[in-house]
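A.B. asks: Supplied in structure tokens, the structure appears directly below.
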């Protein structure tokens, strides 16, 4: 072995010896530390953030391409519908979508007030929910058809209202406007109604402008008192359903004029004459207005006494032999006057008295609706007969409704109007037709609104002792 080989071997022995041992331990320690750190890092969740450039997307294109897969839902609800979209529409010259004329109501002040529908006592059936329930209760199988007929009539009245808010069509404007307004109010339409509020506001404004300082109205017709009574009745119901202060003032003056025009014995005559003659027909709308004023809490003096005097006056023309009420004096079996007298007894709380019971029985015996064989002033007569039957209730009402409702529904014109049945008679007998379509349409519609317009008086129950903060509302129980 030469010297060079000897030196190399000694170096290797030194490295493998103590020095190698040290290096080996260092290597082992390093590997142990690396293993521990690696395992710890592996147990910790890592969050990786990648910065990317956003791609611009056209939202419209995205929506166009989006077609959601949604299964159609099927509902089984029992819903009462007030309007039939398939109902007959007016002729082409009747535009249901015509724009409403611009009208300045600033002069009325209160016409801009948002007036809620306020129902009290016998008027409390006019909101949508109550109306629907009462139609089911009393309308029988004709309830839905009569409701649609009324809507057609309201549409015709809306479209054919004059620019000044009136309806006339050849008849005294205050009387016809009163009838038109009563028709909308009977359906629960007020100044706040979405579709008919404008129509109602214009009608109220017209009547307010027609009223004189003494409470009476202009353009009320030759007999004067009819138009005054109808206009007073309409404003009274308008206040009862809206509580507009300006309308209350007009109502109080109009009702006071009715009371002041009453004869000492309790009747009324043409032009509020104070002679010996009295008139059952004249009393009819006046007492209806007085009853509405009582429910509306009018400030006119003597309302209750005036109604009681009116009943005493009617007793003087009641014929116990026939169970009938006379026109100007006691008479025979006059169906129209008997219906009027009986209704006024019913509305004023005297419906159980002998005169009212006998009158109701005679009305049931004689009343009929026959468009083919009409009687004079059929629409006027049926307006009162229908209310008597409804207030009588029971089988009397059901039988009358089966006769009355279908004939009125079937004989309505497609544009929503009616022509009086007596129009087929000669001109002398068919005078009712001379008052035009507004007259016939309002009387027919008011008759078809009987189900909810004035609740049955036989359903009024005794009012409990009121607490200090109670109102004077009549408590109603539908039975």
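A.B. asks: With a Förster radius of 22 Å, plug the Cβ-Cβ distance of residue 129 and residue 402 into 1/(1 + (r/R0)^6) and report the FRET value to the nearest 0.05.
C.D. replies: After rounding to 0.05, the efficiency reads 0.25.
A.B. asks: Counting every Cα pair in segment 125-459, what percent are over 29 Å apart? Mind showing how you got there, number by number?
C.D. replies: On the way: 17974 of 55945 pairs.
For segment 125-459, the share of Cα pairs beyond 29 Å comes to 32 percent.
A.B. asks: Using the Kirkwood formula over every pair of different C-alpha atoms, what hydrodynamic radius in Å results for segment 370-435?
C.D. replies: In segment 370-435 this quantity evaluates to 12.7 Å.
A.B. asks: Label points 7 Å out from Cα along the Cβ direction at residue 194 and residue 213: separation in nm?
C.D. replies: 4.5 nm
A.B. asks: Okay, moving on. Once you put a point 7 Å from the Cα of residue 411 and another 7 Å from the Cα of residue 271, both along the Cβ direction, what distance in nm separates them?
C.D. replies: Placing both labels 7 Å beyond Cα along the Cβ direction yields 3.5 nm.
A.B. asks: Taking the highest mean first, how do the peptides 306-313, 235-242 order by number of other beta carbon atoms within 10 angstrom per residue?
C.D. replies: 235-242, 306-313
A.B. asks: When the Cα centres of segment 290-320 and segment 198-275 are compared, how far apart do they sit, in Å?
C.D. replies: Here the two parts' Cα centres lie 16 Å apart.
A.B. asks: Report the paramagnetic label zone for residue 365: residues of segment 321-351 whose backbone N is under 19 Å from a point 7 Å from Cα along the Cα-to-Cβ axis.
C.D. replies: The answer is 321-327, 330-343, whose backbone nitrogens lie closer than 19 Å to the label point.
A.B. asks: Among 377-387, 173-183, how do they line up from the highest to the lowest mean number of other beta-carbon atoms within 10 Å?
C.D. replies: Packing order, densest peptide first, comes out as 173-183, 377-387.
A.B. asks: Moving on. Where does each of 243-251, 268-276, 409-417, 446-454 land if you order them by average Cβ count within 10 Å, highest first? Walk me through the numbers on the way to the answer.
C.D. replies: Working: 243-251: 20.2, 268-276: 15.9, 409-417: 17.8, 446-454: 25.1.
The peptides rank, most packed first, as 446-454, 243-251, 409-417, 268-276.
A.B. asks: Rounded to the nearest 0.05, what FRET efficiency do residue 308 and residue 249 give with R0 = 22 Å and r taken as the Cβ-Cβ distance? Could you check?
C.D. replies: Efficiency computed from Cβ-Cβ geometry: 0.30.
We did not get these values from a lab; they are worked out from the coordinates using the rules stated. What you are looking at is a predicted structure, and each value in this text was computed from that prediction instead of being measured. No Cβ is skipped: glycine too gets one built from the backbone with ideal geometry, and neighbour counts run over all protein chains shown.
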